[in-house]
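Below: one structure, written as structure tokens.
Readers should treat all values here as calculations from the given coordinates under stated rules, not as data from a laboratory. Remember, predicted model here, so these are calculated numbers, not experimental data. Here the Cβ positions follow ideal geometry from the backbone for every residue, glycine too, while neighbour counts run over all protein chains shown.
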Amino acid sequence: MRPLKPLPDYDYLVKTFEYDESTGVLVRRRTGKPVLTENSKGYVVVKICRDGKEQMFQATRIIWKLLYGTEPEGKIDHINGIVNDNRSQNLRLIDASRNQVNSRRHLGYSKENDPRRHKKPLRVLLHKDGKRVFSKHVACPLIARLEYIDAVKEYHELDLPLMPDVPIIGR
């Protein structure tokens, strides 16, 4: 993963933006207009002109620096999974593996390449710090999801929804 661009300094951000913690909206002080531009994945992004160059930043990183005075050291996670909900109570710092586990698109199981080899064709896998910590074969997509949720609670201490916003594999 490529390193993130450093954010502008704190004083510049305070002069340029106002942040409403209850709504999660950044407002440009000069124009009074909210920053509402979203990228292709739905994250709110901010264009900042510095030294004659335009640069794009995720609004969550700017919000983090406005709230805490420092650049975020890790990934900023949207607790409820809604990527344009930038209210302060919905943001937290987590490491990359926990961020992947919390992804709304991630079911936690996959089909085996050769289902004839297994009576239970769905494989549930979970990794932590680059190591496999949980592996199990199951027959039913719902049981696979439940096993995955239990493993995530145990190893990553996260609560996941029963079903993410994607179709179920294995039907």
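Can you give the net charge of the other residues whose Cβ lies under 11 Å from the Cβ of VAL14, counting K and R as +1 and D and E as -1?
0
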Computed lengthening from LYS153 to ARG132, 0.36 nm per intervening residue step minus Cα-Cα distance: 6.0 nm
Gain upon complete extension [LYS120, ASP51; 0.36 nm per residue less C-alpha separation]: 19.0 nm
Pair THR31, GLU18: separation of 7 Å Cα→Cβ label points (nm): 1.6
